[in-house]
Amino acid sequence: MKKPIVFAALARAAAGAPVAAQVPAKAWRIGPIIKGRNYSVGMPLSMQEGPLGPTFAFPIEGRGHVHYVSLGTGPLEGARQITVRYRIDAARGTRFVAQEDSSPGMFGFAFQRAGDNWTARGRYEAYRWYSPNTAALTPGTHTFIARLDDPAWIGVMSSKSGTNRAGFAAALADTESVSMTFGGNSGRGHGVYSTAPARFTLLDFRID
């Protein structure tokens, strides 16, 4: 069976060291960039080093929005789950808003098969998979877990991992990256902004 992660730091996570402290912040790409356009408007190209781990500031309303924050991992075949622990610092009353439809901003996971062309047409509909669960973006420290054996992972359009098992398995065997997604009701990774200054810090990230 293939080793699920190509980053040595991720492999060392089993020893108990936080992955977020070992993987350089610049390895976390902020995007997506499609045909030269970065959909995360007003954002740097990567996370920045912070005292607690990789970090970024949410764009404030009218100044941009964050969509995907991605790490190249290699194949996920044989992995059981993805876990992230993160912290959001913001003043009381700060809201996180999906830029596309003004619904509450949500956090989730996605993973992407190598060679995805972002069209979601034909076979590419099963090249991106989104976690069955999401979490509301709120201040505080949070842990988010998505099991890879859950049959409710969502393809770009209509696939479910429980019914399109071949497509899901192929994506796990040929994964290019895992993403933290920021979006709302109309799209998992369609962008979020905050109504006041707010900061996201990645405390730990593991694929077991």
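Please treat every number below as a calculation from the coordinates, not as lab data. Since this is a predicted model, take the numbers as computed values, not measurements. Glycine also receives a Cβ, built like all others from the backbone with ideal geometry; neighbour counts cover every protein chain displayed.
Quick notes on this structure:
- Packing-based order for 102-109, 114-121, 174-181, 144-151, using average beta carbon neighbours within 10 Å, highest first: 174-181, 102-109, 144-151, 114-121
- Applying both filters, DSSP loop and at most 11 other Cβ atoms within 10 Å, to the GluC sites (Glu not before Pro) of segment 70-148 eliminates every site.
- Summing charges over neighbours of MET157, with a neighbour being any other residue whose Cβ is under 15 Å away from its Cβ, gives +4 when K and R count +1 and D and E count -1.
- Across the chain, the relative contact order, built from alpha-carbon pairs under 8 Å that are at least six residues apart, equals 33 percent.
- Cβ-derived FRET efficiency at R0 30 Å, GLN81 paired with ALA196, nearest 0.05: 0.35
- Sorted peptide list for 134-142, 64-72, 24-32, criterion being average Cβ within 10 angstrom, highest first: 64-72, 24-32, 134-142
- Counted charge near ALA120, where neighbours are those whose Cβ lies closer than 14 Å (Asp, Glu -1; Lys, Arg +1): +3
- Annotation: peptides 38-44, 89-95, ranked by per-residue average of other Cβ atoms within 10 Å with the highest first, follow the order 38-44, 89-95.
- Computed from the C-beta positions of ARG165 and VAL41, the FRET efficiency with R₀ = 45 Å rounds to 0.80.
- Volume per residue that the Cα convex hull of the chain spans, once the total is divided by residue count, Å³: 110
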